[in-house]
Amino acid sequence: MTDDSSPDGGPDGFARLRRRALVVYGLIALALIPWTAHLSSSLPSRHETAHWDVLWAGFDIGLLAAFAGTAIAVLRYSPLLPLLASATGTLLLCDAWFDLLTSRPGSERLWASVEALLGELPLAVFSFWVAYDAEKVHASTRRYVTGRRLRRESAASLAA
């Protein structure tokens, strides 16, 4: 018999969490099907907003925070690296999507396409790779930082 009062919840606690998560996420996914159909048929194809500049500046601040958080997680060997890199990749995909769909035809759309193909999409793929392969990235970063520190310490001891 498993003690469900243990800090990690034990195997039974994990199984319950998985079942609950499956129900919650599954029901939300199912509910989004009719909701998305409703939105696609009822929303106007054009909408103007008074806070367009704030929206994009705020989104870019979020993207900046995701990049900075991911970089700090790499430097600190943080267990949050997969989460932060995944968030960064997701925000990059959203950025490409919204840039493409909100750009005007012509040079604006061409520029959004170039940014997506050469910047946002490759960086998103890289971010998802970092999230997936975080242990190898951690080990590689740790070797690099350790080697760099040892080289600096060696140079300092030679100079002294």
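Just so you know, all these numbers are worked out from the coordinates, no wet-lab data involved. Just so it is clear, the model here is predicted, and its values are computed rather than measured. Note that each Cβ is placed from the backbone with ideal geometry, even for glycine, and that neighbours are counted across all protein chains shown.
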Taking the dipole of the chain about the Cα centre (Lys, Arg +1; Asp, Glu -1; charges at Cβ), the one of Tyr144, Trp111, Leu83 that reaches farthest to the positive side is Tyr144
Phi-derived 3J(HN,Hα) across the stretch 146-158 with the Karplus relation (6.51, -1.76, 1.60, θ = phi - 60°), rounded Hz, x for Gly and Pro, is 5, x, 5, 5, 5, 5, 5, 5, 5, 5, 5, 6, 5
With the charge dipole of the chain built from beta-carbon charges (+1 for Lys and Arg, -1 for Asp and Glu) about the Cα centre, the Cα from Leu17, His38, Val54 projecting farthest to the positive end belongs to Leu17
Note, the stretch 64-75: 3J(HN,Hα) by Karplus (6.51, -1.76, 1.60, θ = phi - 60°), whole Hz, Gly/Pro = x, goes 4, 4, 5, 4, 5, x, 5, 4, 5, 4, 5, 5
Full extension between Ala29 and Ala15 adds, at 0.36 nm per residue less the Cα distance, a length in nm of 3.0 nm
Low-density loop trypsin sites (Lys or Arg not before Pro), the stretch 10-72, at most 12 other Cβ within 10 Å, DSSP non-H/G/I/E/B, are Arg46
Phi angles of the stretch 20-37, converted by Karplus (6.51 cos²θ - 1.76 cosθ + 1.60, θ = phi - 60°) into ³J(HN,Hα) in whole Hz with x for Gly and Pro, give 5, 4, 4, 5, 4, 5, x, 5, 5, 4, 5, 5, 6, 4, x, 4, 5, 4
Taking r as the C-beta separation of Thr90 and Arg143 and R0 as 30 Å, the FRET efficiency to the nearest 0.05 is 0.55
Once Leu158 and Leu55 are pulled to full extension, the length gained, defined as 0.36 nm per residue separation minus their Cα-Cα distance, is 31.7 nm
To the nearest 0.05, the calculated FRET efficiency linking Leu22 and Leu150 through their beta-carbon distance, R0 being 45 Å, is 0.40
The percentage of Cα-Cα pairs in the chain separated by more than 18 Å is 76 percent
